[in-house]
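See structure below.
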Amino acid sequence: MKTPRKKFRIVGPKICVICGNFGKMYDLKVAIWLLRRVRVSSVNFVPSQRCLATAHSAENGNQHAESKQTAATSSGKEKLIKVAMIGMPNAGKSTLINRLIDQRVCPVSAKVHTTRRVSKAIHSRSNSQAVLFDTPGLVGNREIKKHQLDAHFVSACRHAIQHSSLIGVVHDVSNSWTRHALNPVLLRVLEEYSHLPSFLILNKIDTLKSKRILLDIVKNLTCNRVESIRDYVPVRRRNKLAPLAGQEKQPQEPSSSSSEAPVQQAEGWPHFTEIFMVSALTGDGLRDVMSFVHGNAKLQPWEHMADEHTDQSPEQLITQSVRARLLDFMPQEIPYLLQTELEFYEVVGGRVLTSVVVTCPSERIARLVCGESNGKLRQINEQVTSDLIETFGMPVLLTITTLVRSKESKA
């Protein structure tokens, strides 16, 4: 029996290995042999249990980073601020954090519950360091049962808040059904930690065509307290909106059908210290958010090096990136049934060599993941490779293989 030939595709600075047979485990020995043929020394190797920043510094030399950190420490004027970024699922928290620190350290996808655990995104400038906690979306009991979320997922948000001195609430204004009110689950969290200052970030404002709608949203979410918004002009549309909390309900005349979705009972939080209107997609308003965050930093020693951007290991970043792309490419509930596991990780000659196994519950699901002639799996591989190149800042050789759980258990 002939061994299937490996195909090497070179696209710019990256190399993708594609296996010709379905379900066949990828072999990185050939790739490692090719790289070592180009005079690779052991100096370029980075231990796998190091953070992303260490991988970068090992490649470029960490002397400059250490001297920079030493200079900042010797001044004795370091400032630190920790912010818990919270919100409902799919509000755009991870995408927003990536754009705020200008680094791809949080996995993102179009589906809910991409973020499963709390992670840190670190932004350092001058003598100030900001640590942003990326948290899973807040959910109710119904959502917990539907997606079978574990206890750690539910408590992750509160854990991040307890280690923070500032709360950032990310609210999606693109959803016409939920944009006029804060979810009761979110309000309960704000009430529980009312001793901490909080600020509101209205995300996805690029989807709104009318500024009038945006101002109404602000008025509702702040319980009609908009002192922090400059040049705010009240809009006389209260007869079309539900009464605010604490106000008496006024009788309304029956109105004709409107093109907009009906507005929920307005519920807001009147204690926001600042409000920002941003778009993580276009970058509008992001600079003001980071200026506000760093402006609230207090005198405190830094917890991370100046060139660190996350507390996650490279292995975690790789598996989460694969999982995020599976969420994008696979329909409905299928990606939530898959398990991703790192099989191999090494840095050789300034290149990241890694392999990930995707465990499927059945042969049918495995065929859907691979697609016809492994076409879908190749697309996923290319997208994840592109994401990891952006994350690590170096060429990446990634292989993804599928494994059926039933066969594994029989073996």
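The values are calculated or read from the model by the stated rules, or taken from the named source; none is laboratory data. Remember, it's a predicted structure, so these values are computed and weren't measured experimentally. Cβ atoms come from the backbone with ideal geometry, glycine included; neighbour counts cover every protein chain shown. Heavy atoms of the whole protein, side chains included, go into the accessibility calculation; ligands, DNA and RNA do not. Shrake-Rupley method; radii C 1.70, N 1.55, O 1.52, S 1.80 Å.
In table form, for the structure just shown:
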quantity: Residue that is surrounded by the most Cβ atoms within 10 Å (Cβ to Cβ) [pool: residues in the range 314-373 that are farther than 17 Å from residue 387 by Cα and among the hydroxyl-bearing types (Ser, Thr, Tyr)]; calculated: 359
quantity: Per-region count, the range 187-206, residues outside any strand (DSSP E or B) and in contact with a strand residue (DSSP E or B) (Cβ under 9 Å, 6 or more places away or on another chain); calculated: 7
quantity: Extreme residue, nearest to residue 79 (Cα to Cα), among residues of the range 113-128 that are open to solvent by 40 Å² or more (accessible area, probe 1.4 Å) and not in a strand (DSSP E or B); calculated: 127
quantity: Failed criterion for residue 129 (all others in (1) more than 15 Å from the chain's Cα centre (by Cα); (2) over 20 Å from residue 192 (Cβ atoms); (3) free of Cβ contacts under 8 Å to residues at least 60 places away in the same chain hold); calculated: (3)
quantity: Matching residues in the range 176-220 - criterion: being surrounded by fewer than 21 Cβ atoms within 10 Å (Cβ to Cβ), in contact (Cβ under 8 Å) with a residue 60 or more places away in the chain and not β-branched (Val, Ile, Thr); calculated: 176, 177, 183, 184, 187, 190, 194, 197, 199, 206, 214
quantity: Output for the range 129-151, where each listed residue is under 22 Å from residue 299 (Cβ atoms) and open to solvent by 30 Å² or more (accessible area, probe 1.4 Å); calculated: none
quantity: Flag for residue 399 being modelled with pLDDT of 95 or more, closer than 29 Å to residue 95 by Cα and open to solvent by less than 10 Å² (accessible area, probe 1.4 Å); calculated: yes
quantity: Hey, residue 140 in contact with a Lys or Arg (Cβ under 7 Å, 6 or more places away or on another chain) and either among the aliphatic types (A, V, I, L, M) or touching a residue at least 24 places away in the same chain (Cβ under 8 Å) (or both) or not; calculated: no
quantity: Residue list for the range 371-399, filter: in contact with a Ser or Thr (Cβ under 6 Å, 6 or more places away or on another chain) and closer than 19 Å to residue 331 by Cβ; calculated: 384
quantity: Subset of the range 282-300 [touching a Lys or Arg at 6+ places or on another chain (Cβ under 8 Å) and open to solvent by 60 Å² or more (accessible area, probe 1.4 Å)]; calculated: 298, 299, 300
quantity: All positions within the range 262-313 that are under 30 Å from residue 174 (Cα atoms) and part of a strand (DSSP E or B); calculated: 272, 273, 274, 275, 276, 277, 310
quantity: Filter result for residue 97 (among the β-branched types (Val, Ile, Thr) and touching a residue at least 60 places away in the same chain (Cβ under 8 Å)); calculated: no
quantity: Extreme residue, surrounded by the most Cβ atoms within 10 Å (Cβ to Cβ), among residues of the range 374-396 that are farther than 14 Å from residue 325 by Cα and under 20 Å from the mean Cα position of the chain (by Cα); calculated: 391
quantity: Leading residue by the ranking (modelled with the lowest pLDDT) among those in the range 152-169 that are open to solvent by less than 10 Å² (accessible area, probe 1.4 Å) and part of a helix (DSSP H, G or I); calculated: 153
quantity: Selection within the range 354-378 - touching a helix residue (DSSP H, G or I) at 6+ places or on another chain (Cβ under 7 Å) and assigned to a helix (DSSP H, G or I); calculated: 365, 368, 369, 370, 376, 377
